[in-house]
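None of the figures in this text is laboratory data; all of them are computed from the coordinates on show. None of the values given here were measured: they were computed from a predicted structure. In this analysis, Cβ positions are derived from the backbone assuming ideal geometry, glycine residues included, and neighbour counts consider all displayed protein chains.
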Amino acid sequence: MNDIFRYQQLFQRVAFFLLIIMAIFGNLPLFIVASIMIALFLTLKVCITTRYPTNLKVILSFGYIAVMVVQIVFIANANVDQYFFTRIIAAILLPLPFLLEWAVMRKNDDIFYLPSLGELATISFEPFKENLQAIHEQVSSVGHVLSGNNIKALFSDLHRHNSLNYINERSLDTDFFARAEQSLDDPNLYIVVSNTGTPASQLIGLFTQKQFNHASLSFDRELSTIISYNGGERVYPPGLNPEMLSSLHKNDDASILIYRLPVTRAQKEIVLNTIREINTTGSAYNILGLITKRSLRRNIMFCSQFVYRMLEIADVAYFDKKAGDVRPTDFIELDYHRQLNYVDEIKF
């Protein structure tokens, strides 16, 4: 009995933790999928519960569907991607279907009448129909990202990462630094934002709801010195690595946007010296920071965090944001004072 109680407490804590995660990081497709999965799970549970009569199963199933519709209508119209308060409300609404069975079956002195099918039929599904196409697209997108092949690829790569210790050293060779030094006379740093189409990029896109989900830095226009924090393509350990252009177009619709940021030679030298120090000291990809937005050690970063840190160090950051909160598209979208100059787009 004590074991059951402990398991129940553990389940409640895990559920509460997941609700907090949804309130902080949830977005439109994740909330919709969560609502649908909860409704399907509870409907299946009710249908296989032998002690419930058929009419009660029908009522509860209708109830779960009705609550799901209300949740999806709210989520689709509440702009949960932008406002933290609406995400909190959406997270609070998620457990409502679990309360429905308790409300119907509660045993006390009050007389409780089940709603009739006619009364349930008066629920308006018009708002649901209006958003059906958008909802279908979002759910399809989630299904594609969370496909078996993608999940397998993501999990098969997890063992290579370490968010606590440096596991990458000297992945940038002397040829890279020679090319970078030759480009110091070019009065620009090049910020590269890409849509790689990798499973990791697609998963990040599920949270950011952005097309471009990878950022890189280059000292020259030809991108012979392009670097970033990445997974290393199983050639290098995850961390600060040279970018392989072949890894930036895993899908046919992949594309790369190139922008230049005017800087002085001294500022480029500051960035290059910092990169040289990281290359010697060691680095690791901040996979945990994609969720926590924090780094446990100085040289543990993810791609956009790294690019922004380099701009900060050189005193050329043109928008104000915590490095851990910077998304790749922020380099374009937050350029309010037009510091960047568009250079080119590469499509594959």
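Packing order of peptides 159-168, 325-334, highest average first: 325-334, 159-168 (average count of other Cβ atoms within 10 Å over each peptide's residues).
Net length available on complete extension from Thr280 to Arg265 is 3.1 nm, with 0.36 nm assigned per residue and the Cα-Cα distance removed.
Pulled fully out, how much extra length does the chain show between Glu222 and Phe98, if you take 0.36 nm times their separation in residues and subtract their Cα-Cα distance? Taking Glu222 through Phe98 to full extension adds about 38.9 nm, to one decimal.
With r as the distance between the Cβ atoms of Asn77 and Arg338 and R0 = 22 Å, compute the FRET efficiency 1/(1 + (r/R0)^6) and round to 0.05. Can you show the working numbers first?
On the way: r = 34 Å, r/R0 = 1.54.
E(calc), rounded to 0.05, equals 0.05.
Rounded to the nearest 0.05, what FRET efficiency is calculated for Asp185 and Asn273 with R0 set to 22 Å and r the Cβ-Cβ distance? E(calc), rounded to 0.05, equals 0.85.
Near Thr225, the amide H atoms lying under 5 Å from its own belong to Phe219, Asp220; only residues 5 or more places off or on other chains count, and H is placed 1.01 Å from N. When Rg and the Kirkwood Rh are both derived from Cα coordinates, the Rg/Rh ratio for region 174-347 amounts to 0.92. Measuring against 20 Å, Cα to Cα, the residue pairs Lys210/Lys321; Lys210/Lys268; Lys293/Lys322 contain Lys210/Lys268 as the ones spanning a longer distance. In this label model, Arg294 and Thr54 are separated by 5.7 nm, measuring between points 7 Å along each Cα→Cβ vector. Site pair Asp320 and Met37 shows an inter-label distance of 3.9 nm when each label is modelled 7 Å from Cα along Cα→Cβ. Using a Förster distance of 51 angstrom, determine the FRET efficiency expected from the C-beta separation of Glu345 and Leu44, and round it to 0.05. Plugging the Cβ-Cβ distance into 1/(1 + (r/R0)^6) gives 0.60.
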